[in-house]
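Working notes, beginning with the structure itself.
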Amino acid sequence: MYLYAQTNPCLLMAPGYPKAMAVVNSRVVVRDSHFSTGARFVNERIGNTYFLKFKGKYISIINGSAVVVDDINRLTELVYIEPYENSVFHLKYKNDYLNIYMNLVILECPIRLQWASFDSALSNCEMERYYNSYDFLGLSQFDYISIDGLDILTCEYSFYLICDGDFNKQLDYNKGDQLLEFISFGCKSRIPLKFIDTDEGVCIYSDEFGYLQVEYNREWETYMPVFSRDSFECPLILEQAETYSSYYLKYKSMYVRVVNQEFYTCTILTQNIEKASVFQIMSDY
């Protein structure tokens with residue numbers, strides 16, 4: 001998404017928190033709202049550093065606040081991006097980090113952000129109802145939460161699965177070949193999912209295909225993730241990753257890894273957690 005956000009204005013989201021990054025009177029502010037109500041930013045790479053920009057202008061810190069500036073004298077006076085994990089990053093100014101309120105901190109609770117593309121097909125009334133489903137008073141009250149801040153175990157909405165921070169692709173399933181794929185967000189075949197707390201852990205369920213499980217593929221002579229209605233013997237479960245609202249998909253000691261090919265993705269299992277893909281869950285807006 002870094003490359004995508006260099007040429008396509010994107011929203012900024014704080015994974016797992018209902019926060020919107022907006023620009024008001026040239027100041028960058030954070031509001032208690034769904035991330036889609038925020039402003040769109042881009043990043044510009046100069047050398048090995050990515051600088052945050054808004055409508056062609058850079059961002060600096062003036063009197064302790066993040067401000068969109070017309071003129072710059074030195075690159076060292078600008079807010080820039082420090083990669084953290086996968087698609088997640090921090091914002092920094094000189095040697096200091098910015099926190100959730102866009103204030104400078106040294107190391108304490110820096111804000112974690114990622115790029116998000118968002119184009120809703122809902123009407124204004126539907127979006128208003130959607131926004132009203134948030135509880136802005138209890139930011140970290142859920143163990144299992146969507147990337148946009150909803151409890152995935154009790155929320156009435158369906159959810160979609162995204163992989164390694166790529167907001168433009170979501171999980172699909174080729175039933176004939178029993179293959180998990182991640183396809184373009186605009187495709188209509190993406191799978192709405194539910195997340196169910198079982199004795200095994202939090203499992204993934206599709207009304208159309210059943211539970212997401214592990215099954216031995218005789219043709220490929222290996223275990224593969226598949227959907228199945230016939231049994232509930234080897235379910236894949238969510239294991240929380242380091243970043244809030246991010247997860248691994250796991251069965252015993254095996255983790256799901258999504259491999260990107262030129263025109264498609266394939267899904268395999270690995271016992272090396274460092275090679276495992278990191279998944280996030282997005283509500284059906």
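The values are calculated or read from the model by the stated rules, or taken from the named source; none is laboratory data. Computed from a predicted structure; not experimentally measured. Here the Cβ positions follow ideal geometry from the backbone for every residue, glycine too, while neighbour counts run over all protein chains shown.
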Phe232 - would you say it is surrounded by fewer than 15 Cβ atoms within 10 Å (Cβ to Cβ), among the hydrophobic types (A, V, I, L, M, F, W, C) and touching a strand residue (DSSP E or B) at 6+ places or on another chain (Cβ under 9 Å)? yes
It is to be established whether one or more residues within the stretch 7-16 are in a strand (DSSP E or B) and free of Cβ contacts under 8 Å to residues at least 40 places away in the same chain. no
So, in the stretch 235-244, how many residues would count as being at pLDDT below 90 and surrounded by 14 or more Cβ atoms within 10 Å (Cβ to Cβ)? 2
Could you tell me which of the residues Val30, Val23 is assigned to a strand (DSSP E or B) and modelled with pLDDT of 95 or more? Val23
For the stretch 24-36, does any single residue satisfy the condition of being of a type in the set (Lys, Arg), within 30 Å of Asn132 (Cα to Cα) and within 24 Å of the chain's Cα centre (by Cα)? yes
Here is a list: Leu180, Leu193. Which entry is under 28 Å from Asn217 (Cα atoms) and modelled with pLDDT of 90 or more? Leu193
Could you check how many residues of the stretch 238-266 are under 21 Å from Glu85 (Cβ atoms) and in a strand (DSSP E or B)? 15
Val226 - would you say it is among the β-branched types (Val, Ile, Thr) and under 19 Å from Cys266 (Cβ atoms)? yes
A careful count of residues in the stretch 45-59 that are surrounded by fewer than 19 Cβ atoms within 10 Å (Cβ to Cβ) and over 15 Å from Ala5 (Cα atoms) gives 2
Six or more apart or on different chains, Cβ under 7 Å: which pairs go from a residue in the stretch 202-213 that's crowded, with 19+ Cβ neighbours inside 10 Å to one that's among the polar types (S, T, N, Q)? Could you list them? Tyr211/Ser228; Gln213/Ser228
